[in-house]
Amino acid sequence: MKIKPIKNDEDHIAAKEQIKRLLLADSSQSTRDDIDVLATLIETYERNTIVSKSPSPIEAIRFRMSQSGLTPKELEPFIGKRARVSEVLSGTRKLSIDMIRALHAGLGIPYEALLQKETPNTLEAIDLSQPLIKKLADIGIELSSKNIGQFLMDAFGKSYSPALNRKTRTQRASGKTDSTALLLWQAVVLSKARQETTIGDFDESEINEGFLADFAKLSGHPKGPLRAVNELSKKGITLVIVPLLPGTFLDGAIMLMDGVRPVIGLTIRHDRIDNFWFTLLHELSHLAKDLEVLRGENQVIFDELDLDSDDEIEKRADELAKVSLISPIHDQTLSNSYASTTDIRSISEKEGLHISIVAGRWQRDHGNYKKFSKLIERNSVREMLIA
């Protein structure tokens, strides 16, 4: 079935009708995936555009219990055995699609309430899946339900702890992104950033379009990514590399540690020189243009740059990163579908850029990733930056 982004009220209504039809359909994995995607899209749209007063699933169930004088035992036909009912009511077990159907059909609880994402009321209530635990262990972070709360408090700062259902200004991320994994990825970024000291102090007036254009020239150096880390440290900005966690698909993000020090997190999920530099310039563009957004409470900008975005600050960051890397005077050459290796090399030399950046720009503009593929340097950034 076709699932569209939700951009307005009509899309929102259509998506809710679509999810109701799916809930009455078969219980195949494909159907469950479609329900999950639609629920995420609806939740994101409502969080960003609607002041929602819908109860959480647990609140909705408890309200119906109170209204109808039901005991936990009387929920067993809809949820399962006593232990499972207890887990659902305590928030330690999520509702399955079958439970949602049964509760709606048997007790008349609205789908909208049952599909609301439950927000943990304590840091310790965050659900840690085994794939997440394993991946975190692989990168040196040993987490369990016993120490997750302390880890998050240490990462975000005791006076600046994360709201578990926080609204970010922009989340250019897949509809299937796991919000818990996203929170943990950000926490790892901040945790690693706290272990680093910067050479200089951050001065927002120094991060402007001129700085971005000059900074891009570092790509021409054989060890450009390492020099980038050092130059950013001189500006009071910390750059941290944290691999993707299961359920996330990010290229990077930018945030302020304790609301003050800029921290850029990159995943290097595409280990290409051109991708590294575009992602880094994109995050720096946010810092140059959207600092007041980042200063908002618990704000972070997540970026999955394979996705198109209608968000104005995302489009602006894309464009500023693009012109910072390659001057618009070369647009005519780059728009030529018959451009030659000599053309690409000429722009690289004139701009003092790594040739991968110019070749990668032509590839993206033309949607052709075969031509100039030999000019793209791969599998060097991660090795260079991850000790």
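Things worth noting here:
- Each other residue within a Cβ distance under 12 Å of Asn379 adds +1 if Lys or Arg and -1 if Asp or Glu, for a net charge of 0.
- Normalising by residue count, segment 273-387 has a Cα convex hull of 127 Å³ per residue.
- Mean residue ellipticity (222 nm) of the chain, computed from DSSP H runs ≥ 4 via -39,500 (n - 2.57), nearest 500: -15000 deg cm²/dmol
- Once the Cα gyration tensor of segment 246-301 is diagonalised, semi-axes √(5λ) in Å: 21, 13, 8
- Coarse-grained scattering of segment 198-311 at q = 0.10, 0.11, 0.13 Å⁻¹, given as base-10 log I(q)/I(0) from a Debye sum over alpha-carbon atoms: -0.27, -0.33, -0.47
- From the largest down, the chain spans 77, 45, 35 angstrom on the principal axes of its Cα atoms.
- Residue-by-residue Karplus 3J(HN,Hα) for segment 317-322, coefficients 6.51, -1.76, 1.60, Hz, glycine and proline x: 5, 4, 5, 5, 4, 4
- Note that the chain presents 50 Å² accessible area per residue, ligands and nucleic acids not counted, probe 1.4 Å.
- Here, segment 321-360 yields an orientationally averaged convex hull projection of 2.5 nm² when only Cα atoms define the hull.
- Highest mean first, the peptides 361-367, 29-35, 212-218 sorted by other C-beta atoms within 10 Å per residue fall in the order 212-218, 361-367, 29-35.
The values are calculated or read from the model by the stated rules, or taken from the named source; none is laboratory data. Remember, it's a predicted structure, so these values are computed and weren't measured experimentally. Note that each Cβ is placed from the backbone with ideal geometry, even for glycine, and that neighbours are counted across all protein chains shown. The area values use the complete protein model at the heavy-atom level, side chains included, leaving out ligands, DNA and RNA. Shrake-Rupley method; radii C 1.70, N 1.55, O 1.52, S 1.80 Å.
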